Each structure stands twice: as C-alpha cells, then as structure tokens.
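To start, the structure under review is shown below, and the notes come after it.
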Amino acid sequence: MPSDLPDDLSLLLALDVLLRERHVTRAAKRLGITQSAASQRLARLREFFGDALLAPGRPLLALTPRAQALADPLAQALASLRAAIQAGAPFDPSTSERRFVLLGNDLLEAAALPRLMPILAREAPRVAVQVDRADADFVKRLEWGTADMAFVPEFLVPPSLRQLRLPDERFVTLMREGHPAASRRLTLERYLELGHVLIAPHGMPGSLVDRALEAVGRRRRVVAQVQHFVTVPFLVAASDLVVTCPAAVAALAAPFGLRAARPPVELGLDRVSAVWHERVHDDPGHRWLRAQLVNVVGAPPASRHALRGRRLE
C-alpha cells in the first residue's frame, strides 16, 4: 500500500473527477483531456494504489471499497487546497478564466442563463459557467469546493451555509388557451376532475400539491410525470392537461399563450434560496459572481410581468 503521494500530483485531481463521474469519457471532458489520456491516468492510479478503483458496472462504473474510502477525504483535501490557493487572490473579471459551477434545475438554466450570459460576454469574456443538477449531495459539493453556489428550496438549507433568499413565487395552475376549464372559476371539484402533469425533478412520486390535497382528504389524477420544467409548456399547450407550478414557469410559457388560474388548494409560497459555503464568502471571484446572480435572479420575478393582465380565477 502506498505511503506517499504520487510523483505527479495532477493524478489526484484526475482521481477526484473519475470517482465523481464514474465514467472515463465524461471525466476526460471535465478534465479537458482525451479519453485515451484519462484511461492512462486511471491505469497509473491503479498501479499507485494497487487497486482497480473503478470496476465495470451499468450504467456507470462501480467504486471499489478502496475508492469509496478515498472519495470523501480526497475531495475535502482538494477543496482545502483550492481555498488556500485562491485565498486573497485578486479577481479581474476581464481577464479571469475561472469556471463557476452552479447547482440547480432546468428552470434555473432557462430563466437565469439567458440573462447571465450577456453580462459575462460584456464583463468577463473568459469566465465559464457550468450548471449541474442540485442533488441530495449539494451541501457536500459546496463544502468540497466542487460547486460554487446552489439554488434549492429554503427548507433544505442547513445552518452551516450562507444563503440569500430569492423573491417568493406564488403557485399557479396553467392550462392551454381555450381549455374547457378556462371559462369558469377553478373550484376544487373541477380541479380534481382534470388530468394533471407532475414535475418531479428527481423522478420521485408525490409533491407539495399532493401533500396539500392529502391534508384535506382529496387526491388528484396525475396523467403525466416529467423531470423537467421546460417540458411543461409544450405538454400543456398540446393537451387538456393542467400543471400546478411556481409562477416562474409562466414566464417560460409566455410564447405558448397559456392561461393561469389560482390553485383551489392552499400551497403557500415557493421559497428558494441561493446558498454557498462560508469558506468562499469573502473570495473576490465569488463575491463578483454573487453580485451578478443577484441582479439576474434576485430581481422581482419575470413571471409577475408574464402574468400581468391575465385573470387568475
């Protein structure tokens, strides 16, 4: 068993990416090298540790027990090293080639990136942004430095993270123009007679709407379940299905001419926070990124304008 570091410390960076991606081709892309070069580095790592590290599996490679033991300590060590290197370093957006990783869903991608990219093109032409899904490990990714910020429901934010609450969004029920239910007030009975679309980003059944209905002893009929918010306008516009979702989705749906109605069940407000780890709070580059994102997603939601003039029944 090795007792020292590899002669080439870049192998540890490659190992961290390989263990997270569990896919040689994807790891190569993240590392900016060829698949052949990534395979060579994996071979060298296997020789150094005397372990296969990654074993055949489907759809992703499987971590050996040795790799599982290495993954978290390695990620934490690299996060500390990155923080040490960046500590106090100046940040000039006009020349920086830094890559920022944001965690969120496709609604963040569709609503924020089109407004953020012109800012980057104008002020930080070499800065890159990558959006990954905000999964259950988002806290670890922020702690380890493999992500810079996450956009998650407020109730998921632990006390260990800094947060900025984004403007609250109400929930609306969207349906196509000319829908049979669009001409009448949407009562609970009419609502429950309709076919519904469920947006489940993690593929799990159930939702805030279903829990609210269960609390009053009722149940809706979910006809279609999708993982992505941007799918919804296409699906609702082409059918008699309805969807109950944050009003921000209405901004994306504006070109489809959908009607918005007030849900006939109390859902409260959709509260989302931008969160980051304490260790990057004073980092100049991170402060700059936060300022841009506050301008983009911290302003009053565009959906309020998208719904202006439409009757909420």
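The values are calculated or read from the model by the stated rules, or taken from the named source; none is laboratory data. As the structure is a computational prediction, the values presented were derived from the model and not from experiment. All Cβ positions, even for glycine, are placed from backbone atoms using ideal geometry, and neighbour counts span all protein chains on display. Just the protein is used for accessible areas: all its heavy atoms, side chains included, with ligands, DNA and RNA removed. Shrake-Rupley method; radii C 1.70, N 1.55, O 1.52, S 1.80 Å.
Among the residues of the stretch 93-102, is any open to solvent by 80 Å² or more (accessible area, probe 1.4 Å) and part of a strand (DSSP E or B)?
yes
Against the definition (under 19 Å from the mean Cα position of the chain (by Cα), open to solvent by less than 40 Å² (accessible area, probe 1.4 Å) and modelled with pLDDT of 90 or more), how does Ala260 come out, yes or no?
Here the answer is no, as Ala260 does not meet what is asked.
Considering every residue within the stretch 134-150, establish whether at least one is part of a strand (DSSP E or B) and buried (at least 16 other Cβ atoms within 10 Å of the Cβ).
Initial filter on the stretch 134-150 (part of a strand (DSSP E or B)): 149-150.
This time we only want the ones that are buried (at least 16 other Cβ atoms within 10 Å of the Cβ), so: 149-150.
Checking the stretch 134-150: at least one residue is part of a strand (DSSP E or B) and buried (at least 16 other Cβ atoms within 10 Å of the Cβ).
In this structure, is Glu177 under 25 Å from Val226 (Cα atoms), of a type in the set (Asp, Glu) and assigned to a helix (DSSP H, G or I)?
The answer is no for Glu177.
Would you point out the residue of the stretch 182-194, among those that are under 33 Å from the mean Cα position of the chain (by Cα) and in contact (Cβ under 8 Å) with a residue 40 or more places away in the chain, that is surrounded by the fewest Cβ atoms within 10 Å (Cβ to Cβ)?
Looking at the filtered set, the residue picked out is Leu188.
Search the stretch 40-56 for residues that are without any contact (Cβ under 8 Å) to a residue 40 or more places away in the chain and farther than 13 Å from Ala67 by Cα and pair each with any residue that is small (Gly, Ala, Ser) and crowded, with 16+ Cβ neighbours inside 10 Å when their beta-carbon atoms are under 7 Å apart and the residues are at least 6 apart or on different chains.
Final answer for the pair search is Arg41/Ala14.
What's the total number of residues in the stretch 211-241 that are open to solvent by less than 40 Å² (accessible area, probe 1.4 Å), under 24 Å from the mean Cα position of the chain (by Cα) and more than 24 Å from Pro167 (Cα to Cα)?
Going through the stretch 211-241 one residue at a time, the tally reaches 3.
Take the residues in the stretch 1-52 that are hydrophobic (A, V, I, L, M, F, W, C) and not in a helix (DSSP H, G or I); name whichever of them is farthest from Arg98 (Cα to Cα). Steps first, please.
Taking the stretch 1-52 and keeping what is hydrophobic (A, V, I, L, M, F, W, C), we get 1, 5, 9, 11-15, 17-19, 24, 27-28, 31, 33, 37-38, 42-43, 45, 48-49, 52.
Still in the running and not in a helix (DSSP H, G or I): 1, 5, 9, 33, 52.
Values: Met1: 36, Leu5: 27, Leu9: 21, Ile33: 18, Ala52: 33 Å.
So the residue we want is Met1.
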